[in-house]
1. In terms of Cα to Cα distance under 18 Å, which lysines are near enough to Lys240, apart from those fewer than 8 places away along the same chain?
2. Which value, to two decimals, describes the C-alpha radius of gyration of region 120-197 once divided by 2.2 N^0.38 Å?
3. About the Cα centre, and with charges only on the beta carbon of Lys, Arg (+1) and Asp, Glu (-1), how big is the dipole of region 5-74? Nearest 20 debye, please.
4. Among Asp222, Asp78, Asp34, which one moves the most in a GNM of the chain with springs linking Cα atoms closer than 10 Å?
5. Show me the three semi-axes of the equivalent ellipsoid for region 37-140, from the C-alpha gyration tensor (sqrt of 5 times each eigenvalue), largest first, rounded to whole Å.
6. Among Gly278, Ala246, Tyr223, which residue has its Cα positioned farthest towards the positive end of the charge dipole of region 204-281, with +1 placed on the Cβ of Lys and Arg, -1 on the Cβ of Asp and Glu, and the dipole taken about the Cα centre?
7. What is region 210-325's relative contact order, in percent, from Cα pairs under 8 angstrom and six or more apart in sequence?
8. Between (1) 6, 26, 34, 24, 8, 2, 0; (2) 5, 24, 33, 23, 12, 3, 0; (3) 5, 19, 24, 23, 16, 8, 3, 1, 0, which entry matches P(r) over Cα pairs in 10 Å bins from 0, in percent as derived from the coordinates of this structure?
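The values are calculated or read from the model by the stated rules, or taken from the named source; none is laboratory data. Note that this is a predicted model, so its numbers are computed, not measured. Because the Cβ atoms are built from the backbone with ideal geometry, glycine has one as well, and the counts that use them run over all protein chains shown. Keep in mind that these areas ignore ligands, DNA and RNA; they rest on the heavy atoms of the full protein, side chains included. Shrake-Rupley method; radii C 1.70, N 1.55, O 1.52, S 1.80 Å.
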Amino acid sequence: MIAYIVRRVLYAFPILLGVNIITFALFFMVNSPDQMAQVQLGIKHISPDAVKHWKEQHGYNKPLFINNEKRGTAALTDTIFFDKSLRLFIFDFGKSDQGRSIAQDIRERMWPSLAVQIPVFVIGLSVNIVLALLVVMFRASVFELSAMVLCVALFSISGVFYIIGGQFLFGKLWKLVPISGYLHGWHAIPFLILPVIIGVISGVGGGTRLYRMIFMEEIHRDYIRTARAKGVSEFSILYKHLLPNAMIPILTGIVVVIPSLFMGSLLMESFFGIPGLGSFTIDGIQAQDFSIVRSMVFLGSVLYIIGLILTDISYTIVDPRVRLS
């Protein structure tokens, strides 16, 4: 197990390096340092001296990948890529172009993201599994057909529709909850109710269909037929026999999602004005702040790799017969 984890961690370094190179190349193919300076200074008629001063102040006055004016290792280290991207491997996120500490912003903004995503994850997972088990229990009936039609309809609707519709009905028309905004501590609960409800409802269609497919594959196994032959009730078969044996494929999706909870939801946080990591990323993209963009892409890649490793480890916990090699 330990050797496997160490090997996977070592494999992660070239992956993260490739992600950094691609992110860096794509960003600077769209935005040059001069354009970034013009956006940040916010002045229509900017003097060349002001642009030059901004680039020197923020470290964008060097070549991108290779410094032909230097010799030896300095040709690679005295570049924007080395200064801005490779430092991420020691989790040195640096400062944004506005001068704020990115690490401090991440620590502050991760809590609003978790406050939304954890309830959506827990409640949504429970609802999806229960509904999928009910559909399997009443399979080949009108209930299953109606449930699947409803799930396809829910899955086909864009998440933006749920957000705008929920804000209009519950916030503007019925005035049950605030439309947008956020307060810290227990005062945040009224602002979290609507995003959590929308997050759960928008995921019911896809989640229920996925878990139903997993359960339907298990329902025809020999151990299910044996339990039925012994007179075990259908309820006990589903919840005591089928569900535990179906946990391995379910964990594949669950554990991978857990690290991404820290990243938040881009649409949800932007529409509801929640100051989480999702809205932080959107703000960085709109401001053409490369420091924020590369930090969030790197952090998302690290969390995704951690999720994959946790998924493999969870296999051995659920089924001891699985061995990692």
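1. Leaving aside lysines fewer than 8 places away in the same chain, those within reach of Lys240 are Lys230.
2. On the way: Rg = 16.0 Å, N = 78, 2.2 N^0.38 = 11.5 Å.
Rounded to two decimals, the normalised Rg is 1.39.
3. Values: 8 positive and 4 negative charges, 62 e Å.
Its charge dipole is roughly 300 debye.
4. Sorting by GNM fluctuation, first place goes to Asp222.
5. Working: eigenvalues 462, 78, 39 Å².
Working through the eigenvalues yields semi-axes of 48, 20, 14 Å.
6. Selected residue: Tyr223.
7. Numbers: 87 pairs, mean separation 27.5, N = 116.
Rounded, it is 24 percent for region 210-325.
8. (3)
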